[in-house]
Each structure stands twice: as structure tokens, then as C-alpha cells.
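J.: One structure, pasted below without further comment.
The values are calculated or read from the model by the stated rules, or taken from the named source; none is laboratory data. Being a predicted model, the structure only gives us computed values, none of them experimental. Neighbour counts run over all protein chains shown; Cβ positions are idealised from the backbone, glycine included. Heavy atoms of the whole protein, side chains included, go into the accessibility calculation; ligands, DNA and RNA do not. Shrake-Rupley method; radii C 1.70, N 1.55, O 1.52, S 1.80 Å.
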Amino acid sequence: MTKKPTKKVPLILTPMSRLTMTFNEELNLDQNKVFNKEYYDNLIARFLEVQASQNALVKNLGLINTILFLILHGQEWTIPILNVEIAQIPAIKEIFVFYSSLAFYFLCMVFVNAQSYSGLINQCGNRVVDSRLIDPDYYNAAKIEHSFPLKLYRPKSNIWGVDFFEPGKGFRILSFVNNLTIILAALIIPAIHFGLIGYALYLLWDITTPFILAIPYLAIIAILNIGGLLLVIGMSVSFTFYQEIKIEEPKELPKTKSVKRKS
């Protein structure tokens, strides 16, 4: 059996789009019904676990950054039982800068993981309700926590099909303002974190310390913070991917017998 010729077609996709489209292709290939309702329910259960880890890491990062902020501003705390002031502990600032960076990196990783699970769940939901006919957001909202403020103030409520009620100019202005506010509010956590880490490194900078000794520590802090930021930003940046598709060979037309004309 001869292999059909193929060609690679370039596609502009984000890594998240690539993930969901790949999963959609896997659903198309599923002849043995591996991706059934049990799989869908288990997928939701894993997503809820990841979401719980994400919420815990947000609290941990907030707590660590709060303690670091107080230490940097000269707050003198005494550890019970040991009766030792925190400021007197050697390298306490460096330790909290490291733990803050580590918590930020793992928070970014869990956030991307949660978004990936959400994308797979949405693909399954689209198959269950047929997104061409019914908005799957309402179906998935019964399974997982849905961000209704985003949907409520979205200019196009149903991104999968036709809107029943098209908004006017006034609502579009309100939608723009509210969505901009949501984006800015979401940026507060990384902005405060990076500002605090930058300020801490500025205070820790000591010209008497050989720079060669500070390189490993600074490299670790940079890797954790920049790496975490790239994890989050990277999933929404468009890249070029190539999809291999089969080339359909043109069908040969049936040969017709030539008829000789009688002279």
C-alpha cells in the first residue's frame, strides 16, 4: 500500500490553542470511547484539585511577601520560645527573597496547569452539548467554577455561536472599562511581587561583597521570577506551528472510446 503524499501547512497558534486543538483531534480518533463521561468527571476532579493548589499558593505567596515587606522596613519581630528577633537571623532577607521567588514560580506553573485543564474540559463540554447549537459555557458552569463576570460584561456573550441579544454602544463602553479593570486587577499580584523583589535586591546590594559570589544567588532569583513570568505569558503568545496534511490526488477521468465518423 503506497503512502499518500503529504505537505506541511503553517498555522499561527498559541500554545494553549495548540493544546486544545490537539486534544480535539484525539477526540476525533477515539473509536473505543476512552474519552467518555467517566473520563470527563475525572478530568473535572483533577481540575478542582489543581484549583485548590492554586488558591493555596496565592495565600502562601501573599503571606511570604507580607513578611518580607515588614522585614525590609525594619519591623522587629521576636520568635516565640527562641526569643530571637527575626532581623537578627543571618541572611533572613535573602532567605525570604528566595522563598518568595520559589512560591511565585510554582504559582505560575499551577496557574498554567489549571488553564490547561480548563481548556480540555471546555473541549469535552463542546462535544457533549454541541457548541454549534448550545453555548457550552452554561453546561460547564455546572461542573466547574465559571468566571461569569467575564461573560457578563463580554460584548459577545456566546463566543461559540450567535448571540440572542446584541449589545448597544453604551454596554460596549461599559464592557471595555470593566474588562480593562479586570486585567489591571489581575496584574496587581505580579506587579507587587516584582516590585518587592526588586526593592529587596536593591537593599541587599553590597558593593563590598565580591560580585562573583552574588552571581549564583542572583541567577537563581532571576530564573525563578523570569521563568514563572514566561510560563504565564508564553501560553497566550502566537507562534508558527506546522500541520501535516494528506494531499488528495486528483481522480483520473474515465477514458472514453473515440467514435469514428462515417464518411
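J.: Could you list all residues from region 169-187 that are open to solvent by less than 90 Å² (accessible area, probe 1.4 Å) and either closer than 30 Å to K93 by Cα or outside any helix (DSSP H, G or I) (or both)?
T.: Let us first name the residues in region 169-187 that are open to solvent by less than 90 Å² (accessible area, probe 1.4 Å), namely 170-171, 174-175, 177-182, 185-186.
Passing the criteria: A185, A186.
J.: Could you say which residue among R154, R172 is among the basic types (K, R), farther than 30 Å from D41 by Cα and modelled with pLDDT of 75 or more? Steps first, answer last, please.
T.: Working: R154 fails: farther than 30 Å from D41 by Cα.
The unique qualifying residue is R172.
J.: Follow-up question, since we're still on this one. Between a residue in region 18-33 that is under 16 Å from N126 (Cα atoms) and any residue that is open to solvent by 100 Å² or more (accessible area, probe 1.4 Å), which pairs come within a Cβ distance under 8 Å, given they are 6 or more apart or on different chains?
T.: Close Cβ pairs satisfying both conditions: L27/R127.
J.: Of these, K59, K3, which one is at pLDDT below 85 and of a type outside the set (A, V, I, L, M)?
T.: Result of the check over K59, K3: K3.
J.: Can you give me the number of residues within region 1-56 that are of a type in the set (K, R) and more than 29 Å from V237 (Cβ to Cβ)?
T.: Final tally of qualifying residues: 4.
J.: State all residues of region 40-52 that are farther than 17 Å from V112 by Cα and in contact (Cβ under 8 Å) with a residue 40 or more places away in the chain; if no residue qualifies, say none.
T.: Scanning region 40-52 gives a single hit, Y40.
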